[in-house]
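Visitor: Please read through the structure below; I'll follow up with questions.
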Amino acid sequence: MDASDELLRRACPSALLTLEGAVRGLNDAMATALDRPLEQCLGRDFKDLWPASQRTPAESLVAHAARADAVAMRELEFPGRNTVPVSCLLEARQVKDPAGDRPLIWVHALDTRNDVTSLLFPFRMATAAAGLGLWMYSSQEDHLEWLGGLPALGALIPDPTAPLSRVISAVHPDDREAFRQLMRSASTRQSPWVRLRYLTQHDGWHRLAVQVRRLQLGFDGPERTFVVVRDDTKQEKRKQEAQAALTAERRRAKDTADFSSALITAATEQELRQVVLTRLAATFGAGGAVLALVDDSRLRISTDAGIDIREVEALHGLRLEQPTPLSEAILTCKPQFIPDRADFIRRWPHAPLLRFLRLGSDYAISITPLSEAGDQPLGAWAMLYNSGYLSPLDEQALVGTMADLAGQALKRIRLQQARMELATALQQTMLPTLPEHLPGLEVAARYRPSRDGLDIGGDWYDAFMMPDGAIALEIGDVQGHDVDAAAFMGQVRMSMRAIAAQEPDPGTVLTRTNELLVLTAPTRFASCAMLHIDPHDGRVIGTSAGHVPLLCAHEDGSHQVRELPGGPVLGVLPGIEYREEIFTLDDDSALVMVTDGVVEGPGLTLEAGLERAGTLAAHAVRDGLNAEETADRVLDAAIAVDHLDDVAVLVIRRA
């Protein structure tokens, strides 16, 4: 299976496209979402698979990803199941084509189940730009929630969330039935405008025009009815404006709280980009936003729906020291404000001329760094405003605070990524590579770390030739799932190897290893099982230091659980002599050595786990599987259920 196959195996709708937008492959989820047979999608232009209203943003999404090594995000509406369109956040980025030299574009729907709110921001921005108001109706909760738009419209209903019955009670009695029918018959298409008279609390009757439409928010997400309202009343009264300001402030406070919470909980750079680009402009009333992150001293640019990536593509990939307002803000850790085009040219005459410097007298830009003076440069975000905009001091402070939060989140994410990479490298270094050829034996090993903590653990295995021609095999488990556990594991394994070179008996190896560990007074302990196998006659000498039993699987489909003699775990009690047992490995049998993560779990007792693993191994031997395939079968079953601990498997057969 190549990397492109793995991308299409995801549960979310996914597709692989050429740089020109032709569909190279897609999964069933994408075909279902587009409401087309999968076979009819292959080879076609991606934008042509969408409804007419969605083709332009779909084409823009692909064009962005094809132009630069950047990430594009757009909200699009799939036709959906049951005739209800599905609003989703799609991401497009370039990936390697394993079958060719040219890259492909991977388009996939992002998981917004934990952040449905991000899907609402484009609707809010569109209605605000059109001078409309936007409510969302939930039939299950039977209430209307004010989402945003023209602030004066938000003042029509004083509470940001209100029961539908309260709204209907304020409608003129002659218009109520028409309004009820409009809400009941909300379809997937925009309804005609319905006019009604509405009584406000403070300044009498307003004449409103209302449209409704039903959408599903994300795959497997809730269905909601969106209510667009236009106020056709010619005169606004002072109390209504005051209420509008209050409603806008409530919305701002809620947006800010949501923004802060989402920044704090972002776990990856992808999630951080999603949080910033879906919230930043809407939270601070801007027309669009740009996020610039520093990667290897170069700018990596992402934009929201308000700014096309083509407008700022000249910045993508620029070195940080090149003169641009973004670079200056990042390097000096000081916010920048550009009121118009003339100011930009005066201050940065040699900077790339950006297309969004449509500026002229129409736009202004504010730029805020994500890091403080003395810190490593992280990046900055920029917001685009109408010309003449002057940010209040309290808003400047709030924007700076939110940028600090974003910078802290980015540092935390990158630190965690560095720790994970270090842990992975350490684990790979600690685990041995089995010899390609062990005379007379077929040996296979598998390992998978715990789901908790770092991606690293203390389980190990080893196999090596003894001076007398026997094969030594061992498997063990150190307490814990962290770097210290891995380091102690390496100490135990290397000690056993060194002692085994001088002592032929496995019991003596464990005895000497235990003495050495007790002298060093470790804070950890380790369980271990060790075998010496003569590949010529199958003679096995085995011992155990508090480790789980050995499994013997036979060709007739039966198995046995063999409890090896020995003693307690290593590194705890001094003066222990580890006893041995001698038995024979037949040609038609396999020995399976495991760690406790394979046979124990929250819902699995040791006895039940040994029975499950033994049965799986015995059936694999009966079915004629080799040692590699047998190890895979035992490991796959262990990680499919109750996989909380590290797991290691060692399978031995006579060749």
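Visitor: If a residue must be surrounded by fewer than 18 Cβ atoms within 10 Å (Cβ to Cβ) and over 26 Å from C88 (Cα atoms), how many such residues does region 197-218 contain? Walk me through how you get there before you give the answer.
Guide: At the first step, the residues of region 197-218 found to be surrounded by fewer than 18 Cβ atoms within 10 Å (Cβ to Cβ) are 197, 199, 201-205, 207, 209, 211, 213.
Narrowing further to those that are over 26 Å from C88 (Cα atoms): 197, 199, 201-205, 207, 209.
Within region 197-218, residues that are surrounded by fewer than 18 Cβ atoms within 10 Å (Cβ to Cβ) and over 26 Å from C88 (Cα atoms) number 9.
Visitor: Out of curiosity, is T265 of a type in the set (V, I, T), surrounded by fewer than 20 Cβ atoms within 10 Å (Cβ to Cβ), free of Cβ contacts under 8 Å to residues at least 60 places away in the same chain and farther than 17 Å from P122 by Cβ? So that I can check it myself, show each step before the final result.
Guide: Numbers: of a type in the set (V, I, T): yes; surrounded by fewer than 20 Cβ atoms within 10 Å (Cβ to Cβ): yes; free of Cβ contacts under 8 Å to residues at least 60 places away in the same chain: yes; farther than 17 Å from P122 by Cβ: yes.
Criteria met by T265.
Visitor: Within region 294-303, restricting attention to residues that are open to solvent by less than 10 Å² (accessible area, probe 1.4 Å) and of a type outside the set (S, T, Y), which residue is farthest from S260 (Cα to Cα)?
Guide: L299
Visitor: Which pairs do you get when a residue that is in contact (Cβ under 8 Å) with a residue 60 or more places away in the chain, found in region 489-507, comes within reach of a residue that is in a helix (DSSP H, G or I), reach meaning Cβ atoms under 6 angstrom, with the pair 6+ apart or on two chains?
Guide: G490/M430
Visitor: Return the residues of region 628-655 that are open to solvent by less than 70 Å² (accessible area, probe 1.4 Å), in contact (Cβ under 8 Å) with a residue 40 or more places away in the chain, over 15 Å from G557 (Cα atoms) and part of a helix (DSSP H, G or I); say none if nothing qualifies.
Guide: Hits for region 628-655 are A631, D632, L635, A638, I639.
Visitor: How many residues does region 286-330 hold that are at pLDDT 85 or above, in a helix (DSSP H, G or I) and not small (G, A, S)?
Guide: The total comes to 4.
Visitor: Moving on. Taking the conditions exactly as written (farther than 30 Å from A29 by Cα, small (G, A, S) and either open to solvent by 70 Å² or more (accessible area, probe 1.4 Å) or under 46 Å from the mean Cα position of the chain (by Cα) (or both)), does A178 satisfy them or not? If you could, list the steps in order and put the result at the bottom.
Guide: On the way: farther than 30 Å from A29 by Cα: yes; small (G, A, S): yes; either open to solvent by 70 Å² or more (accessible area, probe 1.4 Å) or under 46 Å from the mean Cα position of the chain (by Cα) (or both): yes.
Spelling it out, A178 is indeed farther than 30 Å from A29 by Cα, small (G, A, S) and either open to solvent by 70 Å² or more (accessible area, probe 1.4 Å) or under 46 Å from the mean Cα position of the chain (by Cα) (or both).
Visitor: Going residue by residue through region 106-122, is there one that turns out to be in contact with a Leu (Cβ under 9 Å, 6 or more places away or on another chain) and among the basic types (K, R)?
Guide: No, that holds for no residue.
Visitor: Which condition from (1) touching a strand residue (DSSP E or B) at 6+ places or on another chain (Cβ under 8 Å); (2) at pLDDT below 80 is the one that G148 breaks?
Guide: Unmet condition: (2).
Visitor: Which pairs turn up if I take residues in region 342-364 that are at pLDDT 80 or above and look for partners that are assigned to a loop (DSSP other than H, G, I, E, B) and surrounded by 13 or more Cβ atoms within 10 Å (Cβ to Cβ) with beta carbon separation below 7 Å, at least 6 apart in sequence or on another chain?
Guide: Filtered contacts from region 342-364: F344/L357; F344/L359; W348/P323; W348/T324; A364/P339; A364/D340; A364/S387; A364/Y389.
Visitor: Now, a different point. Only one residue in L76, L16, L90, L38 is of a type outside the set (K, R), touching a Leu at 6+ places or on another chain (Cβ under 9 Å) and more than 23 Å from T112 (Cα to Cα). Which one? Explain how you work it out, then say what you get.
Guide: Details: L76 fails: more than 23 Å from T112 (Cα to Cα); L16 fails: more than 23 Å from T112 (Cα to Cα); L90 fails: more than 23 Å from T112 (Cα to Cα).
One residue alone meets the criteria, L38.
Table: residues versus (1) closer than 25 Å to V509 by Cβ; (2) of a type outside the set (D, E, K, R); (3) at pLDDT 75 or above; (4) surrounded by 13 or more Cβ atoms within 10 Å (Cβ to Cβ).
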site: Q427; (1), (2), (3), (4): yes, yes, no, yes
site: T433; (1), (2), (3), (4): yes, yes, no, no
site: P439; (1), (2), (3), (4): yes, yes, yes, no
site: E442; (1), (2), (3), (4): yes, no, yes, yes
site: R448; (1), (2), (3), (4): no, no, yes, yes
site: G453; (1), (2), (3), (4): no, yes, no, yes
site: G457; (1), (2), (3), (4): yes, yes, no, yes
site: A463; (1), (2), (3), (4): yes, yes, yes, yes
site: L473; (1), (2), (3), (4): yes, yes, yes, yes
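Residue by residue, here is whether (1) among the small types (G, A, S); (2) buried (at least 20 other Cβ atoms within 10 Å of the Cβ) holds:
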residue: C88; (1), (2): no, yes
residue: T112; (1), (2): no, yes
residue: G131; (1), (2): yes, no
residue: L134; (1), (2): no, yes
residue: Q140; (1), (2): no, no
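Visitor: Cβ-Cβ under 7 Å, sequence separation 6+ or interchain: first residue in region 152-166 and farther than 21 Å from L182 by Cα, partner outside any loop (DSSP other than H, G, I, E, B) and at pLDDT below 75. Which pairs?
Guide: Going by the 7 Å Cβ cut-off, the qualifying pairs are A152/Q240; A152/E241; A152/A244; A155/Q240; A155/Q243; A155/A244; P158/Q243.
Visitor: Residues of region 122-154 being of a type in the set (A, V, I, L, M, F, W, C) and in a helix (DSSP H, G or I), which ones? Spell out the reasoning first.
Guide: Pass one, region 122-154, residues of a type in the set (A, V, I, L, M, F, W, C): 123, 125-126, 128-130, 132, 134-136, 144, 146-147, 150, 152-153.
The answer is F123, M125, A126, A128, A129, A152, L153.
Visitor: What are the residues in region 580-627 that are open to solvent by less than 50 Å² (accessible area, probe 1.4 Å) and without any contact (Cβ under 8 Å) to a residue 12 or more places away in the chain, if any?
Guide: A608, G609, L625
Visitor: Something else: Taking helices (runs of 4 or more DSSP H) that do not extend beyond region 1-56, which have at least 3 residues that are open to solvent by less than 90 Å² (accessible area, probe 1.4 Å) and either more than 17 Å from L90 (Cα to Cα) or modelled with pLDDT of 90 or more (or both)?
Guide: 3-8
Visitor: Then there is this: How about region 69-86: which of its residues are surrounded by fewer than 17 Cβ atoms within 10 Å (Cβ to Cβ) and closer than 23 Å to T303 by Cβ?
Guide: Answer for region 69-86, where residues must be surrounded by fewer than 17 Cβ atoms within 10 Å (Cβ to Cβ) and closer than 23 Å to T303 by Cβ: just D69.
Visitor: So, one more: Go over the candidates S60, S118 one by one and state the one that is modelled with pLDDT of 80 or more and either more than 27 Å from the chain's Cα centre (by Cα) or in a helix (DSSP H, G or I) (or both). Step through it out loud before you land on a result.
Guide: Numbers: S118 fails: modelled with pLDDT of 80 or more.
Only one candidate qualifies: S60.
The values are calculated or read from the model by the stated rules, or taken from the named source; none is laboratory data. Not measured: the values here are computed from a predicted model. Here the Cβ is made from the backbone with ideal geometry for all residues, glycine too, and neighbour counts use every protein chain on show. Accessible surface areas use protein heavy atoms only, side chains included; no ligands, DNA or RNA. Shrake-Rupley method; radii C 1.70, N 1.55, O 1.52, S 1.80 Å.
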